Amino acid sequence: MSQADSELLERFVRAVASMVRLDSDHAATILRKLLSEKNGKGLSDEELEELTNIRQGEIRRILRLLYELRLASYRRGKHPETGATRYYWKLNLHTINNVLLSRKKSVLRNLELKLEYEENNQFYYCPLDGSRYTFDEAYEYDFQCPKCGSILEEDDRSEIKEVLRLVISRLRESIARDEERLARQ
Amino acid sequence: MPKVSMEELEKTALEMIRNSGSTGILQSDLWRRLGLDSREGSRLVLRLAKKGLIRREQVVVNGRRTYRLRYTRPPSLELKLKVDIEDVLDIPCFTCPFLGQCGPGNFNDPRTCPILQAWLERKARELLGDDGKA
């Protein structure tokens, strides 16, 4: 269970890291180091550098990303010998489920907004470059693509809406199951 | 009662509560065994509860309201996912670093997001066959 859990979390962190152009292997390494830290004290960026041989600047960017995702937090501490201020990082293991659940809910809200937008608008698209415009935008451009000048065609695809409805209903069910599991703990 | 430090007292109290197992212990019994009055006793119990070491459950004993105290296990250092993320990892919003700032009218807007649109078009082709324009 836990092995599969850490792999799933790693896939998530890798995906987000690559979206912000961080090395996803390095991000996964940092995550694993934080996961394996068992004494509850946390690891400082210096200790992480020693453990992984990743540059400190990059380690800090990765830690900042984990912080923004609310997966990790830090505490201010002192270096045991020099007394200099150090930040010790650890994963928020007790809140991680709620963080991920609220993320899923945000995704659901996004998809619902998108579906509403698709249902309430008429779209036109450029057959050459595929760019998409609402009726109002297309009207303003005289139904010509503002980039290449080709005549815009009506986009009457209903598949996007079908996909959205399917994904939304699955996500709703999944969130309901998650909430049930969390309530039982 | 001999003077003992707060920490020492908390430790002894916690030990007693832990030994009481799943039935727990009434807080008045705990105070009596520790030789504390209700003022000191309730403060001690509240401190332990605040640290998340014990749970308090209100009960009525002999017509008086009191609390039954039970030990809670310290938070685990193991990762246990109770939220299923396997099926949402595929949706670009879930792994988007801008999810928190994304909303109607914002710079990142789910209604016009090109990444979401591209994913939906790909998904539509996968799920419903390639009979649309695309």
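The values are calculated or read from the model by the stated rules, or taken from the named source; none is laboratory data. Because the structure is predicted, anything quoted here is derived from the model rather than measured. No Cβ is skipped: glycine too gets one built from the backbone with ideal geometry, and neighbour counts run over all protein chains shown. Accessible surface is based on the protein model in full, side chains and every heavy atom, while ligands, DNA and RNA are left aside. Shrake-Rupley method; radii C 1.70, N 1.55, O 1.52, S 1.80 Å.
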Original post:
Which of the GluC sites (Glu not before Pro) across the range B:76-128 are loop residues per DSSP, with 16 or fewer other Cβ within 10 Å?
Top reply: B:E78, B:E86
Original post:
Within the set A:K33/A:K161; A:K161/B:K82; A:K161/B:K80, which residue pairs have Cα atoms separated by over 32 Å?
Top reply: A:K33/A:K161; A:K161/B:K80
Subject >> Within chain B: Cβ-based charge dipole about Cα centre, in debye rounded to nearest 20 (Lys, Arg +1; Asp, Glu -1) >> reply: 1160 debye
**OP:** Provide the buried accessible surface between chains A and B in square angstrom, both chains summed, 1.4 Å probe, rounded to the nearest 100.
**Re:** 4300 Å²
**OP:** Would you mind telling me the share, in percent, of accessible area of chain B contributed by carbon and sulfur at probe 1.4 angstrom?
**Re:** 51 percent
Original post:
How well do other chains shield peptide A:95-104, expressed as the mean number of their Cβ atoms within 10 Å of each residue Cβ?
Top reply: 4
**OP:** Please check chain A for the longest run free of chymotrypsin sites (Phe, Trp or Tyr not before Pro) that are loop-located per DSSP (anything but H, G, I, E, B) and have at most 16 other Cβ atoms within 10 Å.
**Re:** A:1-140
Original post:
R0 = 22 Å: FRET efficiency of B:E126 with A:E173, Cβ-based, nearest 0.05?
Top reply: 0.60
Original post:
Is chain A rounded, prolate or oblate when judged by the Cα gyration tensor, a ≥ b ≥ c being the square roots of its eigenvalues, rounded requiring a/c under 1.5 and prolate requiring a/b larger than b/c?
Top reply: prolate
**OP:** Only loop residues by DSSP count here, and only those with at most 13 other Cβ atoms within 10 Å; note down the trypsin sites (Lys or Arg not before Pro) in the range A:1-61 that meet that.
**Re:** A:R21, A:K38, A:K41, A:R55
Original post:
Could you give the dipole magnitude of the range B:81-128 about its Cα centre, charging the beta-carbon of Lys and Arg +1 and that of Asp and Glu -1, in debye to the nearest 20?
Top reply: 140 debye
Subject >> 1.4 Å probe accessible area per residue over chain B, in Å² >> reply: 64 Å²
Subject >> Partner chain coverage, peptide A:168-178 - average Cβ within 10 angstrom >> reply: 2
**OP:** Work out the length of the dipole vector of the range A:3-91 about its Cα centre, built from +1 on the beta-carbon of each Lys and Arg and -1 on the beta-carbon of each Asp and Glu, and round it to the nearest 20 debye.
**Re:** 380 debye
**OP:** Express the carbon and sulfur contribution to the solvent-accessible surface of the range A:118-185 as a percent, rounded to the nearest whole number, probe 1.4 angstrom.
**Re:** 44 percent
**OP:** Would you work out if the range A:83-176 is rounded, prolate or oblate? Take a ≥ b ≥ c from the square roots of the eigenvalues of the alpha-carbon gyration tensor; rounded if a/c is under 1.5, else prolate when a/b is larger than b/c, oblate otherwise.
**Re:** oblate
Subject >> Per principal axis, descending, Cα span of the range B:81-128 in whole Å >> reply: 32, 29, 13
**OP:** Can you tell me the relative contact order of the range A:100-184? Whole percent, Cα pairs under 8 Å, sequence separation 6 or more.
**Re:** 33 percent
**OP:** Select from B:P97, B:L116, A:T82 the residue farthest towards the positive end of the dipole of the protein assembly as shown; place +1 on Cβ of Lys and Arg, -1 on Cβ of Asp and Glu, and compute about the Cα centre.
**Re:** A:T82
**OP:** Could I have the simple spin-label model distance between A:S131 and B:D109, label points 7 Å from Cα toward Cβ, reported in nm to one decimal?
**Re:** 1.6 nm
**OP:** Please work out the average accessible area per residue across the range A:82-134, using the 1.4 Å probe convention, and give it in Å².
**Re:** 45 Å²
**OP:** Calculate for the protein assembly as shown the 222 nm mean residue ellipticity that helices alone would give, adding -39,500 (n - 2.57) per DSSP H run of length 4 or more and normalising by residue count, nearest 500 deg cm²/dmol.
**Re:** -16000 deg cm²/dmol
Subject >> Spin-label model distance (nm) - A:Q3 vs B:K80, 7 Å beyond Cα toward Cβ >> reply: 1.9 nm
Subject >> the range B:1-30: trypsin sites (Lys or Arg not before Pro) in DSSP coil with no more than 14 other Cβ atoms inside 10 Å >> reply: B:K3
**OP:** Loop sites only, by DSSP: take the chymotrypsin sites (Phe, Trp or Tyr not before Pro) in chain B that have at most 15 other C-beta atoms within 10 Å and name the longest stretch containing none of them.
**Re:** B:1-97
Subject >> Point-to-point label distance, A:E162-B:L89, nm (Cα→Cβ direction, 7 Å offset) >> reply: 2.8 nm
